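Every read-out reported here was derived from the displayed coordinates using simple, explicitly stated rules and does not represent laboratory data. Because the structure is a prediction, the values reported are computed rather than measured. When we count neighbours, we look across all protein chains shown, and the Cβ atoms used for this are built from the backbone with ideal geometry, even at glycine.
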Amino acid sequence: MTKTPQFDEALDEILKDLKPHDRTCKQCGQNFHVFQEDIDFYHMLRVPPPTLCPLCRKKRRFGHLMRVPKFFKKRCSASGHEEEVITVYPPASPHKIYDFSYWHSDAWDAADFGRNYDLSKSFFGQFKELFFDSPHVSLERNPQAVNSDYLLGGSGGSKNVYYGGMAFETEDAAYSFDLRYCRWVFDCNFMTHSEFCFGSISSLTCNRCLFVIESEGCLDSSFLYDCRNCSHCFLSSNLRNKSYVFNNQQLTEEEYKGLINKINLGNRDVLEDYLKKFKREILVRALHRALRTIHV
């Protein structure tokens, strides 16, 4: 026997005559198609068809990822405390926060905030009251991290990490999210075993690289997408075991260095021009894998 007969009856009515069709996303207004494979999936999971397009649904699923968080100053709510602490909760929010050291100490008892459950009231209403009455730690970070007061998450092996989230065994990094075993990495996301990188995403074992995306084992390179084991390459994509490639054209060492020496990426206008070329030309014409799996 089902425990939600009215829901099941309404869902059966929706799904019984459902056929492939176009729908309009309620969030962005774009049209998207519902295929027969999608309909079979809805029947299997017992869910109605979506009201949002795939991209908007993806944004909603990834909404919990804070990336580089926003920090605020908020007064500590502990008794006898008047200081302002750094936290991810805005000053106007109803969250009660304790400073990092006090929250981790034995000076207060979390059981003091417990209460009896009232069966005559809504569970979620009571849970909301408990949630906002109970103290929150100002920043959820590893207390063993060194000189990383503005780090959200991370491990005890992190050192000198500023304004970032989820840094594991990482040193001397800033403005980045999800770094693992990295050093001197700035403005990067999802980097592993990399050093001296800037503006890079989803890459590993890269060294002295600028704006490399989904690449591995690259050295002294800039503006690369989906490259492997490359060195001294610039503005290219889908390279494998290459050196001295400029705009996906193989050059000699002398030709490559002659071109690179004329480019001043320290000039903001020059840097932005190459970023536009990278996004509008290289990423557009590059081959993109439908699925990224390794040894599955």
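Among the listed values [x] 23; [y] 31; [z] 48, the one computed from these coordinates for percent of Cα pairs over 34 Å apart is [z]. Ranking of VAL88, VAL245 by neighbouring Cβ atoms within 10 Å, starting from the fewest: VAL88, VAL245.
Order of CYS182, CYS56 from fewest to most other C-beta atoms within 10 Å? Could you put the intermediate results ahead of the total?
On the way: CYS182 27, CYS56 17.
Ascending number of Cβ neighbours within 10 Å: CYS56, CYS182.
For TYR225, the amide hydrogen comes within under 5 Å of the amide hydrogens of ILE213, SER236, SER237, ASN238, counting only partners 5 or more places away or on other chains and with H modelled in the peptide plane. May I ask you to derive the FRET efficiency for ILE263 and HIS288 from their Cβ-Cβ distance with R0 = 30 Å, giving the value to the nearest 0.05? Computed FRET efficiency for ILE263 and HIS288: 0.70. Each residue of segment 142-149 was assigned a 3J(HN,Hα) from its phi angle through the Karplus expression (A = 6.51, B = -1.76, C = 1.60, θ = phi - 60°), giving 6, x, 8, 5, 9, 6, 9, 5 Hz with x at Gly and Pro.
Residue exposure proxy: TRP184, TRP108, ordered by other Cβ atoms within 10 angstrom of their Cβ from fewest to most, comes out as TRP108, TRP184. Largest mean-square fluctuation among VAL284, VAL85, VAL212, in a Gaussian network model of the chain whose springs join Cα atoms under 10 Å apart, belongs to VAL284. The Cα-based radius of gyration of segment 71-206, divided by its Kirkwood radius, gives an Rg/Rh of 1.10.
Which FRET efficiency value, to the nearest 0.05, is calculated for GLU281 and ASP118 with the Förster distance at 51 angstrom and r the Cβ-Cβ distance? Numbers along the way, then the final one.
Details: r = 63 Å, r/R0 = 1.23.
So the FRET efficiency works out to roughly 0.20.
Working from label points 7 Å from Cα in the Cα-to-Cβ sense, the PHE132 to ALA110 distance is 2.2 nm. Projected label points at ALA92 and LEU55, each 7 Å from Cα along the beta carbon direction, are separated by 3.0 nanometres.
Remark: segment 21-33, residue by residue, has Karplus-estimated 3J(HN,Hα) of 6, 9, 10, 10, 5, 6, 9, 9, x, 7, 7, 9, 9 Hz, where x stands for each Gly or Pro and the curve is 6.51 cos²θ - 1.76 cosθ + 1.60 at θ = phi - 60°. The Kirkwood hydrodynamic radius of segment 72-137, based on inverse pair distances between different Cα atoms, is 13.0 Å.
Per the helix-only calculation at 222 nm, which mean residue ellipticity applies to the chain, given -39500 (n - 2.57) for every DSSP H run of n ≥ 4 and division by its residues, nearest 500 deg cm²/dmol? Mind showing how you got there, number by number?
Working: 7 runs with 62 residues, N = 296.
-6000 deg cm²/dmol, from helical runs alone.
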